[in-house]
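Encoded as structure tokens, the structure appears first; notes follow it.
Computed from the coordinates by the stated procedures, all read-outs in this text should not be read as laboratory data. Note that the coordinates shown come from a computational prediction; the quantities given were computed from them, not determined experimentally. Neighbour counts are summed over all protein chains in view; Cβ atoms, including those assigned to glycine, are modelled from backbone coordinates with ideal geometry.
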Amino acid sequence: MIKHNRKIAAIALLSLVLGGCASTSEQSLYKEIGGHKTLNTIFGVAITRIYTDPEIGHYFKGVPKKHLRDQLVSQTCELIGGPCKYDGKTMLESHTGLDIKEREFYILVEYVQGAMRDVGLTYQQENRILKKLAPIKYETLGL
């Protein structure tokens, strides 16, 4: 009887431990990376680099940096489980007629990746964010 109770206790303890791990892994990526503050820093750094890039900077002429940063933060926040609700234009609406090339799109992605590394995100966190953002490529390029 004591052996049986120990087995039940061990199973219960294991369930609690695994349950705790599951709830940790279910924490939103938004909270995991540090929320709004981290996203704001990432996109602030990336936008500064993007606006001065000789190949893609021209696409952003006349677009206030703060507006773009706020839109990117809001959109990404929503995509990675944060409390934000993106209510801006669709990527297709924002990029129609710009004839953005795939190579140019990837230049922007590299700036965002670099900014994520600069603020200390792990490679895994970076990839999880990029996975959420990946479908935007097709709307941005009008594919």
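Side notes on the structure shown:
- Most to least packed among 93-104, 64-75, 38-49 [average Cβ atoms within 10 Å]: 38-49, 64-75, 93-104
- When the convex hull of its Cα atoms is projected in every direction, mean area for the stretch 46-143 (nm²): 6.2
- For q = 0.15 Å⁻¹, Debye-computed log10 I/I(0) when each Cα of the stretch 57-105 counts as one equal scatterer: -0.48
- Residue 40 sits among other residues whose Cβ lies under 13 Å from its own Cβ, and their net charge, with Lys and Arg +1 and Asp and Glu -1, is +3.
- Rel. contact order, % - alpha carbon contacts under 8 angstrom, at least six apart, the stretch 32-79: 51
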